[in-house]
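Structure record follows, encoded as structure tokens.
The values are calculated or read from the model by the stated rules, or taken from the named source; none is laboratory data. Everything numeric here is computed off the predicted structure, so don't read it as measured data. Cβ placement follows ideal geometry from the backbone for every residue including glycine, while neighbour counts extend to all protein chains displayed. The accessibility values were calculated without ligands, DNA or RNA, using every heavy atom of the protein model including side chains. Shrake-Rupley method; radii C 1.70, N 1.55, O 1.52, S 1.80 Å.
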Amino acid sequence: MPAEREPNPGIADKATTSGPRHRAKGHRHRHRGGRRRRALLVTAWTAAGVLLLGGTGLGVVYFKLNGNIHSVDLNQMLGGHRPAKVDNGSQNILVLGSDSRSGGNEKLGGGADDGTARSDTAMIVHVYKGHKRASVVSIPRDTLVDRPECTDSKGAAQPAASGVMFNSAYSTGGAACAVKTVESITGIRMDHFVEVDFAGFQKLIDDLGGVRVTTTRDIHDPDSHLDLKAGAHTLDGEQALGLVRTRHGVGDGSDLGRIQLQQAFMKALVDQVGQIGVLTSPSKLYDLADTGTKAVTTDSDLASVKKLVSFAGGLKGIDSSRMNMVTTPVRYDPANPNRVLLEKDKAQVVWDALKNDRPIPASATEDAATGQADGVVTG
């Protein structure tokens, strides 16, 4: 659990740039409606159990579930030096998957408990005015960025740093520093923040009964504990976690390939949630809600089941056919193929589109580095 997490009262390091290195070979480079399809954030795999609560009338268990939720008071930690709120009906949510290797996470997804945590997965979820469509922009963890000054979990100021990996922001100052870094890069205020850990993600997938995917080639990666033959699979929690974390099993071995697998898995997940009928079983729904609320950390403005349900209720018209999923435009660093650099002009087109609540132009991501894992996983 990240150091800054604090349970809601009264209700139920320096930047780390270490990590796997893998040098690439060669140049890197039915719409289904339905009332049971609930929230876009399911596609970010972090709040599925929580947001499935939307509109289901679970009032009697709210108080029990409230105590599960942990939160970060971003407003207090970041103060007034943030981009202005945009009053156009849209919302921006930063979704993080942290790779803390402590507690219940140390045996999951490889790695050792080194006392630090990194934002292994980061996505900006932009919900358009009217809450009928959304864009999801993945930020590669290996992107070299300029990180602003941050305050760490002990309250000590950490100086700004140039040319550091994006995921080091979380190592330096937890969720607040990750949010501050994203806002600094994009100029966009994050209205909300949601984080999930390894153990919670694995249990959530198991509670859902697994997720069906098809792989078009064999995937074998001992580092992420994944061994899948080409073909159809129903992934349990451990396999799903391995899939969204593997980088050496497919593509060019980069984080960009892993992002392509993550996005494909998310689409399979959101499509399946609308079909499996979890909302017809009160006991199964409660298990999902219990797992989801234990797994997530949110900003303080979302830190109750009532607030989460209200938030989810405004998103339930969005399904995978109404999402556009892209990766921040980047290119491989000529000095180190294990790192990527922002394509600043193209990235600015993405940020401007989100600021103005407009679709992201296809031209913004053309010719950017991809990871070469597109099409390896389908729903």
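General observations
- Per residue accessible area of region 200-267, 1.4 Å probe, in Å²: 34 Å²
- Translational diffusion of region 136-262, µm² s⁻¹ [Kirkwood Rh, Cα pairs; Stokes-Einstein; 4 °C; 1.567 mPa s]: 79 µm²/s
- Listed cross-link partners 132/306; 64/284; 129/180 are compared with a 19 Å cut-off, the Cα-Cα value being larger for 132/306; 129/180.
- Relative contact order, percent, region 120-186 [alpha-carbon distance under 8 Å, six or more residues apart]: 26 percent
- Share of carbon and sulfur in the accessible heavy-atom surface of region 235-379 [1.4 Å probe, %]: 45 percent
- Radius 9 Å from Cβ of residue 299, net charge of other residues (Lys, Arg +1; Asp, Glu -1): -3
- A convex hull fitted to the Cα coordinates of region 315-360 yields 98 cubic angstrom per residue.
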